[in-house]
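The values are calculated or read from the model by the stated rules, or taken from the named source; none is laboratory data. If you're wondering where the values come from, they're calculated on a predicted model, not measured in any experiment. Because the Cβ atoms are built from the backbone with ideal geometry, glycine has one as well, and the counts that use them run over all protein chains shown.
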Amino acid sequence: MKRLLTRRLVLQGAMATAGAAIVRAGLAQGAGEPRVIELTARRFVYEPNEIALKAGERVVIAIKSVDFVHGMNIPDLGKRLDLVPGRVTRLELHPQAPGEIDFVCDNFCGDGHEQMHGRFVVSA
Ligand SMILES: [Cu+2]
């Protein structure tokens with residue numbers, strides 16, 4: 001029992017570290033332009049729903065919704081966005097370490113809403 005609890009705490013710690021490793025990019029002068037990755041939200045998917053990033057790179061996720069004010073909740077980063085149709089919502093990321101960061105739609109958008117999720121996969 002005690003060992004199980006310890007293992008769970010270690011796992012939670014690892015997940016928190018992965019989240020903390022991703023910080024909002026401070027767009028320092030002369031640091032070069034961030035890579036722009038386009039993402040589309042529609043009932044009931046993000047396209048693409050898996051986005052590969054490299055640790056240390058600065059990126060901007062340019063997100064469009066085509067049909068609804070979908071949400072994008074990224075618990076590991078303590079961040080959420082509303083994705084308003086007709087607008088491009090920018091999410092700046094500067095991952096520092098490998099890991100996976102999940103995101104979900106948190107604006108109920110109909111039957112299938114629960115399947116609307118994706119993730120950033122950060123490699124070394
Ligand atoms: Cu949705």
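List of remarks:
- Pairs, first among the aromatic types (Phe, Trp, Tyr) in segment 67-88, second within 12 Å of the ligand (Cβ to nearest atom) and not in a strand (DSSP E or B), C-beta under 6 Å, six or more apart: 68/109
- Residue that is surrounded by the fewest Cβ atoms within 10 Å (Cβ to Cβ) [pool: residues in segment 94-107 that are touching a residue at least 40 places away in the same chain (Cβ under 8 Å) and assigned to a strand (DSSP E or B)]: 100
- Highlighted here are the strands (runs of 3 or more DSSP E) found entirely within segment 1-93 that include at least 2 residues which are buried (at least 17 other Cβ atoms within 10 Å of the Cβ) and at pLDDT 50 or above: 35-42, 50-54, 59-65, 70-74, 79-83.
- Hits in segment 65-124 (condition: on the phi > 0 side of the Ramachandran plot and either hydroxyl-bearing (Ser, Thr, Tyr) or away from the ligand (no atom under 12 Å from the Cβ) (or both)): 78, 86, 99
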